[in-house]
1. Just need a number here: residues in the range 152-184 that are out of contact with any Ser or Thr (no Cβ under 9 Å at 6 or more places or on another chain), among the aliphatic types (A, V, I, L, M) and in a loop (DSSP other than H, G, I, E, B).
2. Name the residue that is surrounded by the fewest Cβ atoms within 10 Å (Cβ to Cβ), counting only residues in the range 106-120 that are under 11 Å from the mean Cα position of the chain (by Cα) and β-branched (Val, Ile, Thr).
3. Of everything in the range 121-142, what is part of a helix (DSSP H, G or I) and either of a type in the set (Gly, Ala, Ser) or surrounded by fewer than 18 Cβ atoms within 10 Å (Cβ to Cβ) (or both)? Give them in sequence order.
4. Keeping to the range 60-74, report how many residues are among the small types (Gly, Ala, Ser) and buried (at least 20 other Cβ atoms within 10 Å of the Cβ).
5. Of everything in the range 1-59, what is under 17 Å from residue 105 (Cα atoms), among the aliphatic types (A, V, I, L, M) and either touching a Leu at 6+ places or on another chain (Cβ under 6 Å) or not in a loop (DSSP other than H, G, I, E, B) (or both)? Give them in sequence order.
6. Looking only at the range 30-59, which residues are without any contact (Cβ under 8 Å) to a residue 12 or more places away in the chain and either surrounded by 11 or more Cβ atoms within 10 Å (Cβ to Cβ) or under 17 Å from the mean Cα position of the chain (by Cα) (or both)?
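Read-outs throughout are calculated quantities, based only on the coordinates presented, and are distinct from any laboratory measurement. Given the structure is predicted, the values throughout are model-derived calculations rather than measurements. Cβ: placed from backbone, ideal geometry, glycine included. Neighbour counts: every protein chain shown.
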Amino acid sequence: MKLILGSKSPRRQQLLQEMGFSFEVRVKDTDESYPDDLQPEEIAMYISTQKAKALQGELQSNELLLTADTIVCVDTHILGKPKDENEAMKMLQQLSGKKHKVITGVSITDSEKITTDYCVTTVYVKQLTLEEITTYIKNCQPFDKAGSYGIQEWFGAVAVEKIEGSYNNVVGLPTHLVYKLLKP
């Protein structure tokens with residue numbers, strides 16, 4: 001089977017390469033809104049499934065599609081990707097001194113069916129100063145990352161005190177779950 005990655009994320013591409021997979025990237029813009037009554041895990045799986053549905057009709061019989069969606073949830077609030085510096089600042093202030101969950105929905109799709117599962121990792125962040133947050137935003141430009149941070153950058157090295165669960169999930173793709181779903 002030929003693997004298709006339905007994501008532009010350089011982090012997801014790198015993780016798949018590290019797993020030894022050859023793949024092609026195919027992306028279609030997808031509405032990432034979701035019904036209000038969903039739990040955080042359901043939101044990540046719903047959006048991952050929507051991404052899969054957008055490309056499923058274009059799959060050949062010998063192709064498997066991998067799509068994913070990662071959200072950050074602090075308390076009961078969902079943090080997506082920040083639109084600008086202001087929003088990034090607010091998100092990082094919300095994460096400062098607290099624990100939060102990083103949830104990734106993963107879908108494996110062929111021309112006939114979609115299989116979706118999820119992974120949850122708990123991340124503990126130290127109390128951050130305004131200067132640390134401002135410097136991080138300025139130097140790392142975290143605008144393409146859910147929750148406004150990348151654990152593989154300065155943020156993970158300095159601000160993250162500990163995690164419970166999959167590190168790669170926080171990077172953007174729970175590789176152990178992908179392997180499990182792809183394994184025949």
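1. 0
2. Here is the first cut: in the range 106-120, the ones under 11 Å from the mean Cα position of the chain (by Cα) are 106, 118-120.
With the extra rule that they be β-branched (Val, Ile, Thr), the set shrinks to 106, 120.
On the way: 106: 27, 120: 17.
Checking each candidate, the answer is 120.
3. Of the range 121-142, the ones part of a helix (DSSP H, G or I) are 130-140.
Result: 130, 131, 132, 134, 135, 138, 139, 140.
4. Keep residues of the range 60-74 that are among the small types (Gly, Ala, Ser), which gives 61, 68.
Adding the requirement that they be buried (at least 20 other Cβ atoms within 10 Å of the Cβ) leaves 68.
Here the count works out to 1.
5. 4, 5, 15, 16, 43, 44, 45, 47, 52, 54, 55
6. 33, 38, 39, 42
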